[in-house]
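Remarks on the structure that follows.
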Amino acid sequence: MSELWRQVGLRESEYRLICEQIGREPNETEIRMYGVLWSEHCAYKHSRPLLKKLPTEGPRVIQGPGENAGVVDLGDGLHLAFKVESHNHPSYIEPLQGAATGVGGILRDIFTMGARPIALLDSLRFGPPGDPRQRYLLGGVVAGIGHYGNCMGVPTVGGEVYFEEAYGGNCIVNAMCAGLVAEGGIRRGVARGEGNPVLVVGARTGRDGIGGASFASEELGEASEERRPSVQVGDPFLEKLLLEACLELYETGSVVGIQDCGAAGLTSACAEMAHRGGVGMEIDVRRVPRREAGMLPWEVMISESQERMVVCLERGREDEARRIFAKWGLEAAVIGHVTGDGLFRVRDGEAVVAEVPVASLAGGAPTYTPEKREPAYLAALRGYDLRTLPEPEDYGRVLLQLLASPNLCSREWIYRQYDHMVLLGTVVGPGGDAALLRLPGTDRGVALKIDGNGRYCYLNPRRGAAIAVAEAARNVSVTGAEPVAITNNLNFGNPEKPEIYWQLDEAIEGIAEACRALGTPVTGGNVSLYNERDGEAIYPTPTIGMVGVHPDVGRHAGMGLAAVGDVIVLVGP
Amino acid sequence: MKARFGIVVFPGTNCEMDTYHVLTRVLGQDAAYVWHQDRAPDPYDCLILPGGFSYGDYLRTGAIARFAPVMERVAEHAARGGLVLGICNGFQILCEAGLLPGAFQRNRSLRFVCGWTHVRVERADTPFTAACAPGQVLRIPVSHGEGNYYVDPETLARLEARGQVLFRYATPDGEITPESNPNGSVANIAGITNEQGNVLGIMPHPERAAEAVLGSEDGRLVFLSVIRYLSEGRAVRV
Amino acid sequence: MRYKAEVRVTLKHGVLDPQGATVRSALAALGYEGFEEVRVGKLIELWLEAPSEEAARERVREVGERLLANPVLETFTVQVAPAPAARAPVPGRPAGPGEAGGP
Amino acid sequence: MRYKAEVRVTLKHGVLDPQGATVRSALAALGYEGFEEVRVGKLIELWLEAPSEEAARERVREVGERLLANPVLETFTVQVAPAPAARAPVPGRPAGPGEAGGP
Ligand SMILES: Nc1ncnc2c1ncn2[C@@H]1O[C@H](COP(=O)(O)OP(=O)(O)O)[C@@H](O)[C@H]1O
């Protein structure tokens, strides 16, 4: 086993901790499950202590961090579930499918909450577009986001894109989704009730994406290209059916809990649901519908095949669920049940192939607080004297240069490829400051924006992150909406390097400060670390997804100058 | 009297709720969803095949949906002279089903395109355009990856001669130019009817242009034409 | 018997091919000379059980006509050969039109 | 000399093919029995001038790698044969961003 724990990405100390927690050496299936669940991506080993600094409470917060998505109260019995998710590494390897499956994942996070998705946003970073490889990435990522979102019938209403050298070897693809759920309709990722059946619904399980969570938790380089998991192909059509089937299933009132199968597949979905419910669970891999013959139990358990959900149902309601899924042409297979012994047990028919405490697998990963150190480059940058910059001779030319910059020019080429109008909510779509959506059946609205500024954060992570929150808040408020909460995606390099950990810590402090000042708590987010190529980290890039409530979308402010003679005022400090 | 609309839902359809909203809440008509496997007798005045990605648009848009049991019903409804309106993916399905001539290819740009377009109303004496003025330009959005309409030259000549082209992509002033064509469709065609004039396929989404707060009310005219035609006891025949 | 069929779906002569044209101009942009025309079609591989090669060909041809090619735009050809070993089972899929279930 | 090349681009084994799977279940729903698996790939036909068949094959293979197939998901094979008569060239069009070039 000594080689195996290393191979699945565990440290020796972590391996010893596992032995200690389970009172013996784990077998192969168990090690592989620990490998994915204790990866940085799933266990937040380096970020969990830092995330505690974020303010997460407020009068409108219905669900804070810890679930598949955060939820805020919009008033009138309507709640909004929203969250952002990264798919940086998969998109760098295969831009179209990487971005598409990223969108698929964030959509599932929203509809597992019981919500119908109403909007997508995307935050993208690439190297300079003069490089054909970067153009290829941009074209593929945009096509992938469009491919998935358009087919799902969820409008992509906003986003942002920047081009900087720092992202040339590791692009950023963050997707945000928001969905509506009526008060009382929220579902959670929890399993409860001894004997209640556990089902997997949606797509069949194949060998795709095995080891994806670990892949996301390491730096990119020659070696990782070799070891990359087989690329996953998204099937938005199947997910659209899954969405409708799940929403129909919720109506029956038989759902105890539901969670999407994302990173680490069945292992994380099942173990996390059991952990949240404080119960045990038994799964029989033979009962998991497969797409490929000859899969080993551990392959079934950690496969990241897309478009699947795990559902815990009330006992006796299985046939009803099967009927609903069959109507949508999907399978719903009972694969196990809730137990009272607190163990996560995996069977292969009669044989027990894994049996470990849920609390260890899903909650036992260590956290790390590495050394942190201010990066040396900052001292050099601080020494830079801005006065040495020459005064431009021709401001007209500078203006033209600015307008032609890939970082400032029109983004219409991108958002024309996104259906941004379906669902008849888009009062202000892409091209505006923030998107403004009408809430169905009312005149009220919700404003959405995603913002980040890696360059500011590189220069000063604390101020830069705070500026990103403030920018998102300004964008939301200029539509006439009141900012109410944020979600965030922390895209950073390798946190085991003191300089990167310092950046991460500082940026989180900055987000926390700004959110406190603005009264916009953090309801969730995602952490993407190890964004490096050959040892070079990206700029520290927290992206902020903000939502606001609007009292009357008929009276929103637009961006254009409306009429000759109107007064122009500059406000602010 | 209210008109009764049936909105056909295939796996992957995604504009059915929008269409329902416009027909019922905006225009005060009766509407119901019709499931793709439903062969029950038809109580509707007009069947609408809304936009979306039936069967994921896999293989070809509309290629699989056209075999759904409900399509027999759509064909019978059309054969009896009932009104059928296919929007976007619905248009693609009607072509695949042979209820309308022609076929679709990927947009000339090879990219999905979503945005506002202008379409010129070529005839205002049909059930689908009676509420428009001849030559009127409507501002209606498109949203499709495969809206590049094709018919061979002989069929095109026949369509033109019989006045089956009802909508063409145009400039805001109603000029037919290559720049106003968002997808490469032959002759800037955005909407056509069958020979009898009771089946319309339209690529832009009139339901997305039915409320001022969303940017345009021009799309209403298509539905209002249908409603007027139905309320006048189908007097506006082609 | 198991057969593997290949259906080659190509655009009819005279139908403009937006994909082919884009590939061709991309080739020119990359500096590849001498490419006069590019056409992009589909290659559909099907594995099927049939009593004889002739029966398999017949069935695939019918399927080609009804579903795989659109006669307005496309033509197709069919090739059939005995298939060696069985491949892994296929993913379960949403029911196609006409399959059981309904609201 | 003029040659016609055919590039058959197919998905790598193990890569999910939602399109093929959907076609397969549509076939079942239409009552066509016996179809076990369907995979949808691309068939790219290219007409080119080259000094020899070998040179043509080499060039097309390079183009296949750089542009026609996505090496992460797809594999391809090349066939080349002398082409009879010249076909009418298709109007070239400018490539948009993201189209030209490959990984
Ligand atoms: N940057 C962050 N800020 C606040 N909460 C976060 C952040 N990153 C992750 N979280 C929260 O931590 C929880 C763990 O999420 P998990 O379900 O493991 O995430 P994922 O869906 O990204 O795998 C989620 O509730 C998520 O919202």
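Measure off, as a whole percent, the carbon and sulfur share of the 1.4 Å-probe accessible area of the stretch A:314-389, all protein chains present. Can you show the working numbers first?
On the way: 2130 of 4050 Å².
Carbon plus sulfur share of accessible area: 52 percent.
Size of the dipole of the stretch A:485-573 about the Cα centre, Lys and Arg at +1 and Asp and Glu at -1 on the beta carbon, nothing else charged, in debye to 20?
With Lys and Arg at +1 and Asp and Glu at -1, about 400 debye.
Quick check for me: using +1 on Lys/Arg Cβ and -1 on Asp/Glu Cβ, what's the dipole size of chain B about its Cα centre, in debye to the nearest 20?
Around 120 debye, computed over chain B.
Specify whether the C-alpha gyration tensor of chain B places it in the rounded, prolate or oblate class, a ≥ b ≥ c being the square roots of the eigenvalues: rounded for a/c under 1.5, otherwise prolate if a/b is larger than b/c and oblate if not.
Note, shape of chain B comes out rounded.
Mind checking which of B:Val151, B:Thr13, B:Pro134 is farthest towards the positive end of chain B's charge dipole, using Cβ charges of +1 (Lys, Arg) and -1 (Asp, Glu) about the Cα centre?
B:Thr13
How much of A:Leu10 can a 1.4 Å solvent probe reach, expressed as accessible area in Å² and rounded to 10?
Result for A:Leu10: roughly 10 Å² accessible.
Could you order the peptides A:374-382, A:339-347 from most to least packed, using the average number of other C-beta atoms within 10 Å per residue?
Descending packing order for the listed peptides: A:339-347, A:374-382.
Just the accessible area per residue of the protein assembly as shown, please: how many Å² with a 1.4 Å probe?
36
Please report, for C:Leu30, the nm distances (one decimal) from its label point, 7 Å out from Cα along the beta-carbon direction, to the equivalent points in the remaining copies, shortest first.
Inter-copy label distances (nm, one decimal, shortest first): 3.4.
May I ask for the distance between the Cα centers of the stretch A:268-306 and the stretch C:38-53, given as a whole number of Å?
The stretch A:268-306 and the stretch C:38-53 have Cα centres separated by 35 Å.
Within 10 Å of each Cβ in peptide A:286-298, how many partner chain Cβ atoms are there on average? Round it to a whole number, please.
Shielding by partners across A:286-298 averages 2.
At a Cα cut-off below 16 Å, give the lysines reachable from A:Lys449, other chains included and same-chain residues fewer than 8 away excluded.
A:Lys83
Between chains D and C, what is the buried accessible area in Å², counting both sides, with a 1.4 Å probe and ligands, DNA and RNA left out, to the nearest 100?
4900
Quick check: from the Cα gyration tensor, does the stretch A:222-353 come out rounded (a/c under 1.5), prolate or oblate?
Oblate, since a/c reaches 1.5 and b/c is not below a/b.
In whole angstrom, note down how far apart the Cα centers of the stretch A:489-526 and the stretch A:92-141 are.
If you average the Cα positions of each part, the centres end up 22 Å apart.
Accessible area lost on pairing C with B, both sides, 1.4 Å probe, Å² to nearest 100?
1900
Using helices alone, I'd like the mean residue ellipticity at 222 nm for the protein assembly as shown: each DSSP H run of four-plus residues gives -39500 (n - 2.57), total over residue count, nearest 500.
Details: 30 runs with 296 residues, N = 1017.
Taking each H run of at least 4 residues, the total per residue is -8500 deg cm²/dmol.
Chains A and B: what accessible area do they bury, summed, in square angstrom to the nearest 100, with a 1.4 Å probe?
So the total buried area for this chain pair works out to about 2400 Å².
In straight Cα distance, which aspartates and glutamates are under 16 Å from A:Lys497, not counting same-chain residues fewer than 8 positions off?
Answer for A:Lys497, where 16 Å is the Cα cut-off: A:Glu40, A:Glu218, A:Glu219, A:Glu371, A:Glu374, A:Asp505, A:Glu506, A:Glu532, A:Asp534, A:Glu536, listed by chain and number.
Let me make sure I get this right: for the protein assembly as shown, a, b and c are the square roots of the gyration tensor eigenvalues over alpha carbons, sorted descending. Under 1.5 in a/c it's rounded, otherwise prolate if a/b > b/c, else oblate. Which is it?
The shape class here is rounded.
What residue among A:Trp502, A:Tyr458, A:Ala468 has its Cα farthest toward the positive end of the dipole of the protein assembly as shown, where the charges are +1 on Lys, Arg and -1 on Asp, Glu, each on the Cβ?
It is A:Ala468.
How big is the dipole moment of chain A about its Cα centre under a simple scheme where the beta carbon of each Lys and Arg is +1, that of each Asp and Glu is -1, and everything else is neutral? Debye, nearest 20, please. It would help to have the intermediate numbers written out before the result.
Working: 55 positive and 74 negative charges, 135 e Å.
It comes to approximately 640 debye.
Tell me, in nm to one decimal, what length is gained between A:Leu400 and A:Glu165 on full extension, where the rule is 0.36 nm per residue of separation less the Cα-Cα distance?
Roughly 82.4 nm would be gained on extension.
What's the average, rounded to a whole number, of partner chain beta-carbon atoms within 10 Å of each residue's beta-carbon in A:91-103?
2
Could you name the lysines in cross-link range of D:Lys42, using Cα to Cα under 19 Å and dropping any fewer than eight places away on the same chain?
C:Lys4, C:Lys12, C:Lys42, D:Lys4, D:Lys12
With every protein chain present, what accessible area does A:Glu160 have (1.4 Å probe, heavy atoms only), rounded to the nearest 10 Å²?
20
What does the structure give for A:324-334 when I average, per residue, the other chain Cβ atoms found within 10 Å of the residue Cβ?
4
Towards the positive end of the charge dipole of the stretch A:227-305, with charges on Cβ (+1 Lys, Arg; -1 Asp, Glu), say which of A:Ala264, A:Leu241, A:Met295 has the farthest Cα.
Looking along the dipole axis, the top candidate is A:Met295.
With a cut-off of 8 Å between alpha carbons and a minimum separation of six or more residues, what is the relative contact order of the stretch A:383-519 in percent?
After rounding, I find 17 percent.
Leaving out ligands, DNA and RNA but keeping every protein chain, what accessible area does B:Tyr33 have, in Å² rounded to the nearest 10, with a 1.4 Å probe?
So the heavy atoms of B:Tyr33 present about 100 Å² to solvent.
Would you work out what percent of the accessible area of the stretch A:231-272, with all protein chains in place, is carbon or sulfur (probe 1.4 Å)?
Answer for the stretch A:231-272 is 42 percent, counting heavy atoms of protein chains only.
The values are calculated or read from the model by the stated rules, or taken from the named source; none is laboratory data. Fair warning: this is a prediction, and the values are worked out from it, not measured in the lab. FYI the Cβ positions are ideal-geometry reconstructions off the backbone, even for glycines, and counts take in every protein chain you see. All accessible areas refer to the heavy atoms of the entire protein, side chains included, with ligands and DNA or RNA removed. Shrake-Rupley method; radii C 1.70, N 1.55, O 1.52, S 1.80 Å.
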